[in-house]
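The values are calculated or read from the model by the stated rules, or taken from the named source; none is laboratory data. Just so you know, these numbers come straight off a predicted model, no measurement behind them. Neighbour counts run over all protein chains shown; Cβ positions are idealised from the backbone, glycine included.
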Amino acid sequence: MNILSDEEIAALIAEAKTVPTGLSPIKPMSERCQHKRKTFDIETTASGSEFVVGVRQSCLNAYDFSVILGYKIPGSYTVFRLRRYNGNSHQHTNILERETIDGLHVHMATERYQKFGNGKEDHFAERADRYFHLESAIACLLAECGFKSPLEELPLFIGTAT
């Protein structure tokens with residue numbers, strides 16, 4: 001797989017996407033292996049890019065969750081993880097920076113970690129204080145990753161009645 005540059009990653013994140021029905025507020029999720037899960041497929045109208053949003057939450061610990069924005073690499077079955085909003089059930093260590101994060105954190109795909117070659121394009125993470133549970137993590141993903149409500153995408157009609 002080719003390495004995506006930081007600029008390409010930023011463009012994919014910023015690309016306009018419609019909020020899929022059932023994501024916010026989150027509709028009931030299916031349960032499997034002591035986790036609730038739901039996946040939403042998204043195709044953008046402008047470029048035809050395909051994205052996926054995955055939501056996972058432990059049935060045993062509500063603060064063990066992930067909300068993931070992935071990009072479907074054209075011509076393959078690979079989903080490239082652009083962003084991952086994680087709960088506070090575990091520590092994370094940024095290997096290259098030798099930095100450990102406790103609590104809520106957001107993983108971000110970077111060119112640097114792809115080149116590092118550990119197989120995790122989104123291994124780099126930053127501490128997060130802008131969400132505190134699953135619903136607020138979903139809200140952050142929607143606010144930070146180019147999502148528009150269906151109403152925002154309606155054309156505006158300006159003019160006077162005759």
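Considering the range 28-147, the qualifying strands (runs of 3 or more DSSP E), each wholly inside and each with 3 or more residues that are exposed (fewer than 14 other Cβ atoms within 10 Å of the Cβ), run over 30-32.
For the range 29-52, check the following and say yes or no: at least one residue is under 21 Å from residue 147 (Cα atoms), touching a residue at least 40 places away in the same chain (Cβ under 8 Å) and of a type outside the set (Ser, Thr, Tyr). Scanning the range 29-52 turns up no residue that is under 21 Å from residue 147 (Cα atoms), touching a residue at least 40 places away in the same chain (Cβ under 8 Å) and of a type outside the set (Ser, Thr, Tyr). The condition of being farther than 15 Å from residue 85 by Cα, in contact with a strand residue (DSSP E or B) (Cβ under 9 Å, 6 or more places away or on another chain) and among the small types (Gly, Ala, Ser) holds for only one of 49, 5, 58, that being 49. Against the conditions (1) modelled with pLDDT under 95; (2) within 15 Å of the chain's Cα centre (by Cα); (3) of a type outside the set (Gly, Ala, Ser), residue 91 satisfies every one except (2).
All of 67, 106 fail the test of being in contact (Cβ under 8 Å) with a residue 12 or more places away in the chain, closer than 24 Å to residue 11 by Cα, of a type outside the set (Phe, Trp, Tyr) and in contact with a Leu (Cβ under 8 Å, 6 or more places away or on another chain), apart from 67. Within the range 1-18, residues that are under 24 Å from residue 116 (Cβ atoms) and in contact (Cβ under 8 Å) with a residue 60 or more places away in the chain have Cβ atoms under 6 Å from residues that are among the acidic types (Asp, Glu) and surrounded by 13 or more Cβ atoms within 10 Å (Cβ to Cβ) in these pairs: 5/111; 6/111, counting only partners at least 6 apart in sequence or on another chain.
Residues that are in contact with a helix residue (DSSP H, G or I) (Cβ under 9 Å, 6 or more places away or on another chain) and in a loop (DSSP other than H, G, I, E, B) within the range 2-20 comprise 3, 4, 5, 16, 19, listed in sequence order.
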